[in-house]
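Engineer: One structure follows; several queries about it will come next.
Computed from the coordinates by the stated procedures, all read-outs in this text should not be read as laboratory data. Note that the structure is predicted; figures quoted are calculated from it, not measured. Neighbour counts run over all protein chains shown; Cβ positions are idealised from the backbone, glycine included.
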Amino acid sequence: MLQEEEDLSLTIAHIVQKLKGSRLYSQLERQAWVSLQKPEIKLESLKEDIKEFFRITGWEKKLQNAVYSELTVFPLPRHPAAPPEHLKEPLVYMRKAQGSWEKRILKSLNSMCTELSIPLARKRPVVEQKELLNKWNEMGTDEPDLSLFRPVYAPKDFLEVLINLRNPNYENGDHLNLRTHLGLIQVPLKVKYISELKDYFIELSLNTGQLGIDDATQVPPELFENEHVRLGQKVLAEQDSAAAQQYVRQGSPTALRAELWALILNVSNQPEDLLYYEQLKSNVIQHDLLVDSLIYKDVKLTASNDDYYFVFEDYLYQVLLCFSRDTSVLGHFAYNSASPPKSYIRGKLGMEDYAVFYPPNGVIPFHGFSMYVAPLCFLYHEPSKLYQIFREMYVRFFFRLHSISSHHSGIVSLCFLFETLLQTHLPQLFYHLREIGAQPLRISFKWMVRAFSGYLATDQLLLLWDRILGYNSLEILAVLAAAVFAFRAVNLMEVTSLAAAEAVLADLSTLKVMPLLQIFLFATVT
Amino acid sequence: MASKVKWVTDIEKSVLINNFEKRGWVQVTENEDWNFYWMSVQTIRNVFSLEAGYRLSDDQIVNHFPNHYELTRKDLMVKNIKRYRKELEKEGSPLAEKDENGKYIYLDFVPVTFMLPADYNLFVEEFRKSPSSTWIMKPCGKAQGKGIFLINKLSQIKKWSRDSKTSSFVSQSSKEAYVISLYISNPLLIGGRKFDLRLYVLVSTYRPLRCYVYKLGFCRFCTVKYTPSTSELDNMFVMIINFHGGGLVNNLRLYLESTRGKEVTGKLFDENGNYFAESSLWGCVCPVMNNDKHCFECYGYDIIIDDKLKPWLIEVNASPSLTSSTANDRILKYNLINDTLNIVVPNGEIPDCKWNKSPPKEVLGNYEILCDEELAQTEGAERDLRNRSGPSIGLKGSRTRETGKTALTTWK
């Protein structure tokens with residue numbers, strides 16, 4: 001009991017300290033001063049009256065949302081004496097693996113830089129700055145020569161690294177037994193069993209209404225949809241982050257989704273946010289970064305070729321170029337196993353005083369990165385709002401999909417969860433695919449790394465991302481991947497090569513995610 | 001033994017030819033005995049011209065109506081719409097209702113348009129009401145955006161004013177006739193880009209009216225960013241004609257619902273779409289269309305949505321392009337032709353113009369019934385639809401609205 005109380009006060013102190021530096025704090029202070037003018041605030045009961053004032057005017061709600069946001073995003077120190085690396089990643093071997101992966105990426109980037117004789121960063125001449133400013137809304141019409149640029153890495157390169165991960169403290173044994181993991185991931189991570197998943201995802205169960213199932217045209221809207229929409233409107237009226245997060249577990253109505261996600265991510269449209277975005281934009285105008293070319297290349301290769309996202313090409317540049325320069329993103333490295341790459345001013349290699357993070361936000365884009373942003377363009381058509389939403393999504397979720405960690409939502413755990421689910425519940429299929437040289441993870445990895453963006457139809461993808469936000473976890477990606485294999489199991493049992501298996505799973509655009517998930521979790525006999 | 005359908009085409013496109021071949025039809029030349037001829041608009045003009053004395057037999061069908069230009073020529077379409085509106089107004093039909101600004105509530109689906117040089121003075125009057133607006137000049141007889149230009153000053157169309165003042169019995173060759181329409185300067189933009197919608201409507205017969213709307217359509221995007229600044233007037237070719245790629249209309253609905261809300265999106269797709277696709281055929285063109293039983297026609301409707309989510313009919317094409325730029329594009333057009341042929345040439349057998357042109361529901365494919373006059377007739381039995389002269393149009397108009405879901409379908 002005492003321990004819990006201590007933990008609680010530690011938590012409270014931690015959060016209070018974080019919030020004290022935030023804009024919300026100064027706003028609350030200002031509001032408190034303003035409230036003194038009001039007649040209902042009396043000196044004798046000052047504290048109570050101000051609290052009441054905050055409650056009525058909605059400021060208490062904003063504070064609640066901010067606290068909730070902190071609790072959701074920042075993990076708490078497990079132990080007061082734990083060093084900061086433990087917050088990033090508690091297991092040493094994982095940290096080491098992430099470190100060497102980062103070295104490889106940076107080496108690749110630097111050698112591309114040297115080969116092409118392009119500096120990592122360059123100040124633009126004034127003429128070029130003016131030109132870019134004029135073209136800001138139509139950068140897609142530019143056709144720069146990107147043939148010499150290659151993506152720094154692709155998901156399959158990353159998969160090879162994960163496959164080779166080993167825990168030096170773990171003796172697998174040479175003999176195969178029933179418990180041997182037959183998949184590609186060979187590190188022992190704790191993942192949920194299907195019984196635990198059923199409890200965890202209880203709101204997806206067969207008895208609960210879902211958007212994505214119970215809003216189909218044949219189902220009369222009075223049964224679920226109308227009431228759910230009404231509830232959603234209420235949640236928005238209350239402006240309650242926690243309620244919104246709970247609400248979207250059953251899916252978000254299309255018309256309310258943009259606002260609900262903003263509420264969950266605690267993104268508001270304050271003038272300061274707009275100003276911040278404009279500041280980033282002017283950074284883009286003034287300096288050219290090597291990663292900009294990588295971003296261009298990625299957008300041209302992926303989003304521009306997508307049947308539905310090509311329209312938003314220009315927005316993607318506007319978001320990603322600014323993202324690279326946003327140093328506030330560096331904050332997430334406190335709980336990310338990755339660390340921002342460091343670069344040194346020319347001639348001062350190794351001297352910490354001359355080290356800068358490169359790119360300024362510490363995130364080097366890889367092939368397919370722009371697909372994290374593309375679906376959001378369907379919800380937000382104002383660039384600064386779009387930007388903020390994407391940034392929040394990145395520092396809460398997406399970063400886990402390309403860094404090596406033991407976190408339950410990290411890509412390694414997702415891969416392990418996927419393989420375990422498949423091996424446990426579809427052993428025949430798993431064994432068959434393995435025999436023909438078609439390890440299932442080789443096919444599903446790319447889906448999970450991109451959070452299925454570009455593979456599912458947009459409306460289905462948004463329903464999936466509703467649940468990512470609702471459960472504050474990426475585990476649903478692994479469950480969906482397994483569910484897809486289960487759905488196409490009959491065809492997959494008949495293939496005899498990796499290429500044929502890929503072909504069976506090449507087109508996911510007709511899939512409906514919620515029925516698949518429900519069947520896999522709740523209606524499959526295990 | 002059933003003999004195979006013999007086909008001819010002026011339009012050498014794979015989406016057509018593959019469909020003919022997959023039905024086992026036999027290709028012949030126009031001089032031989034043919035059953036099915038996919039004609040260009042030039043050929044149809046020749047076939048039905050008085051001098052040709054061409055007679056189509058009962059086992060021959062063609063893909064155009066003789067006077068399709070009543071709908072597809074810009075000036076004639078406008079003329080027919082205006083005539084329809086006047087008729088409805090005269091008999092006090094509720095469809096002709098106007099709002100407080102004098103604008104038609106239900107019939108205002110074409111941007112304000114005038115014929116030049118005939119209506120020059122009327123145009124000037126309208127122009128002066130909002131002198132900062134931009135207008136678009138389109139030659140009546142040309143297609144694919146040829147000869148189009150924008151104006152924002154009266155001086156730019158001086159030529160047509162001079163002509164109108166000259167003696168009025170000098171007949172203008174139809175090549176010089178233009179229509180001038182209010183330019184939609186506030187189009188709905190997606191990703192900052194201007195786009196238009198292409199919908200397909202099939203008419204198998206005008207009397208009784210049977211028309212179908214294809215459930216899949218296109219959004220055609222501009223490759224250059226849209227700006228309303230008048231300097232763009234010079235780059236107009238790039239803005240309007242260039243065409244980047246397609247996207248299915250369903251995703252449009254998702255985008256609009258997410259960014260604009262469900263009610264206004266619903267209004268656009270379910271209510272507004274209803275009136276004009278159907279009105280354009282029903283009231284405007286039906287009375288004047290020569291309903292030759294050898295004919296059917298697949299029209300391409302070009303629609304622009306403005307930023308208030310109001311759709312505007314820009315043009316109806318008699319020969320919508322069958323060229324494809326992407327794989328999805330090709331698949332859509334292939335399926336479009338496939339479903340069209342299934343409806344107009346039932347069972348792929350030798351056509352017989354005497355059949356009642358009522359296909360079973362199963363063959364519709366991706367088409368949806370937009371209006372089936374006969375079907376509606378059997379349901380609204382007490383209404384007399386046999387005479388199609390002026391006064392009964394109002395009655396038909398109101399019947400259209402009341403029968404609602406049975407005769408009409410909404411955009412999906």
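Engineer: Before anything else, pin down the relative contact order of chain A: Cα pairs under 8 Å, at least 6 apart, normalised by residue count, whole percent.
Structural biologist: 19 percent
Engineer: Per residue of A:137-144, how many C-beta atoms from partner chains lie within 10 Å of its own C-beta, taken as a mean? List each step's numbers first, then the result.
Structural biologist: On the way: counts 6, 7, 1, 6, 3, 0, 0, 0.
Whole-number average of other-chain Cβ neighbours for A:137-144 is 3.
Engineer: Relative to the compact-globule scaling 2.2 N^0.38 Å, provide the ratio for the alpha-carbon radius of gyration of the stretch B:283-377. Please list the in-between numbers first.
Structural biologist: Numbers: Rg = 15.8 Å, N = 95, 2.2 N^0.38 = 12.4 Å.
Against the empirical 2.2 N^0.38 Å value, I get 1.27 for the stretch B:283-377.
Engineer: Follow-up. With charges only on Cβ, +1 for K and R and -1 for D and E, what is the dipole size of the stretch A:1-81 about its Cα centre, in debye, rounded to 20? Intermediate values should be presented prior to the final figure.
Structural biologist: Working: 12 positive and 12 negative charges, 97 e Å.
The dipole magnitude comes to about 460 debye.
Engineer: Given the convex hull of the Cα atoms of the protein assembly as shown, what is a quarter of its surface area in nm²? Write down the numbers at each step before the final one.
Structural biologist: On the way: hull surface 206.3 nm².
Quarter of the Cα hull surface area: 51.6 nm².
Engineer: Tell me which lysines have Cα within less than 20 Å of A:K446's Cα, excluding those fewer than 8 residues away on the same chain?
Structural biologist: Cα-Cα hits under 20 Å: A:K156, A:K297, A:K300, A:K512.
Engineer: Looking at chain A, which longest stretch skips every one of the GluC sites (Glu not before Pro) that is in a DSSP loop with at most 16 other Cβ atoms within 10 Å, leaving the sites themselves out?
Structural biologist: Values: sites that count: A:E40, A:E44, A:E171, A:E494.
Result, exposed sites excluded: A:172-493.
Engineer: A further question follows. If you average the alpha carbon positions of the stretch A:415-475 and of the stretch B:35-67, how far apart do those two centres end up, in angstrom?
Structural biologist: Comparing the Cα centres of the stretch A:415-475 and the stretch B:35-67, I get a distance of 57 Å.
Engineer: Mind checking the dipole of the protein assembly as shown: about its Cα centre, +1 per Lys or Arg Cβ, -1 per Asp or Glu Cβ, Debye to the nearest 20? Write down the numbers at each step before the final one.
Structural biologist: Numbers: 108 positive and 110 negative charges, 335 e Å.
Magnitude of the dipole: close to 1620 debye.
Engineer: Sticking with this structure for a sec: Pairs of Cα atoms under 8 Å, at least six residues apart: use those to get the relative contact order of the stretch B:1-132, whole percent. Mind showing how you got there, number by number?
Structural biologist: Values: 106 pairs, mean separation 19.7, N = 132.
Rounded, it is 15 percent for the stretch B:1-132.
Engineer: Further, regarding this structure: Calculate how many DSSP beta bridges within the protein assembly as shown are antiparallel, expressed in % of all such bridges and rounded to the nearest 5.
Structural biologist: Working: 49 of 57 bridges.
If I count the DSSP bridges inside the protein assembly as shown, around 85 percent turn out antiparallel.
Engineer: Right, next: Could you run the Debye sum over the Cα atoms of the stretch B:319-363, one equal point scatterer each and no solvent, and tell me log10 of I(q)/I(0) at q = 0.13, 0.16, 0.17 Å⁻¹, two decimals?
Structural biologist: Taken in order of the listed q values, log10 I(q)/I(0) reads -0.38, -0.54, -0.58.
Engineer: Right, here's the next one. Tell me the chymotrypsin sites (Phe, Trp or Tyr not before Pro) within the stretch A:241-316 that lie in a loop according to DSSP and have at most 16 other beta-carbon atoms within 10 Å.
Structural biologist: On the way: sites: A:Y247, A:W261, A:Y276, A:Y277, A:Y296, A:Y308, A:Y309, A:F310, A:F312, A:Y315; in loops: A:Y308, A:Y309.
Counting only loop positions with at most 16 other Cβ atoms within 10 Å, none of the chymotrypsin sites (Phe, Trp or Tyr not before Pro) in the stretch A:241-316 qualifies.
Engineer: Something else now. With viscosity set to 1.567 mPa s and temperature to 4 °C, compute the Stokes-Einstein D of chain A, Rh being the Kirkwood radius across alpha carbon pairs; µm²/s, no decimals. Before the final figure, lay out each step's value.
Structural biologist: Details: Rh = 25.2 Å.
For these conditions, the coefficient is 51 µm²/s.
Engineer: Does the stretch A:27-161 classify as rounded, prolate or oblate by the C-alpha gyration tensor (a ≥ b ≥ c root eigenvalues; a/c under 1.5 gives rounded; else a/b over b/c gives prolate, otherwise oblate)?
Structural biologist: Oblate is the answer for the stretch A:27-161, as a/c is 1.5 or above yet b/c matches or exceeds a/b.
Engineer: Also, I was wondering about something else. Find, among the trypsin sites (Lys or Arg not before Pro) in the stretch A:385-416, those assigned to loop by DSSP (not H, G, I, E, B) with at most 14 other beta-carbon atoms within 10 angstrom.
Structural biologist: Numbers: sites: A:K385, A:R391, A:R396, A:R400; in loops: none.
Sites meeting the loop and neighbour criteria: none at all.
Engineer: Treating cross-link reach as a plain straight distance, find the lysines whose alpha-carbon is under 28 Å from the alpha-carbon of B:K4, omitting any fewer than eight places away in the same chain.
Structural biologist: Within reach: B:K13, B:K22, B:K293, B:K333, B:K354, B:K357, B:K361.
Engineer: For the stretch A:381-526, what log10 I(q)/I(0) values come out of the Debye formula at q = 0.15, 0.20 1/Å, with one point per alpha carbon and no solvent?
Structural biologist: Those come out to -0.76, -1.29, one per q.
Engineer: If you take all C-alpha pairs in the stretch A:1-81, what percent of them are over 20 Å apart?
Structural biologist: Working: 1477 of 3240 pairs.
So the portion of pairs separated by more than 20 Å is 46 percent.
Engineer: For the peptides B:127-138, B:105-116, what is the packing order when you average, over each peptide's residues, the other Cβ atoms within 10 Å and list the highest mean first? Numbers along the way, then the final one.
Structural biologist: Working: B:127-138: 14.6, B:105-116: 19.8.
Most protected by this proxy first, the peptides run B:105-116, B:127-138.
Engineer: Rounded, prolate or oblate for the stretch B:1-53? Axes are the square roots of the Cα gyration tensor eigenvalues, ordered a ≥ b ≥ c, and the cut-off for rounded is a/c under 1.5.
Structural biologist: Values: a/c = 3.28, a/b = 1.53, b/c = 2.14.
Oblate is the answer for the stretch B:1-53, as a/c is 1.5 or above yet b/c matches or exceeds a/b.
Engineer: Moving on to the next point. Give me the three principal axis extents of the stretch B:1-109 from the C-alpha atoms, as integers in angstrom, largest value leading.
Structural biologist: Principal axes ranked by extent give 63, 34, 27 Å for the Cα atoms.
Engineer: While we're looking at this one, here's another question. Which value results for Rg/Rh of the stretch A:219-347 when Rg is the Cα radius of gyration and Rh the Kirkwood radius based on the inverse mean 1/r? Walk me through the numbers before you get to the answer.
Structural biologist: Numbers: Rg = 19.7 Å, Rh = 18.2 Å.
Reported Rg/Rh (Cα atoms, Kirkwood Rh): 1.08.
Engineer: At a temperature of 10 °C and a viscosity of 1.306 mPa s, determine how fast the stretch B:61-101 diffuses translationally according to Stokes-Einstein, using the Kirkwood radius over alpha-carbon pairs as Rh; express D in µm²/s, rounded to the nearest whole number.
Structural biologist: Values: Rh = 12.0 Å.
Estimated diffusion coefficient is 132 µm²/s.
Engineer: Follow-up question, since we're still on this one. Straight-line reach from A:K18: which aspartates and glutamates fall under 12 Å, measuring Cα to Cα and dropping same-chain residues less than 8 apart?
Structural biologist: A:E70
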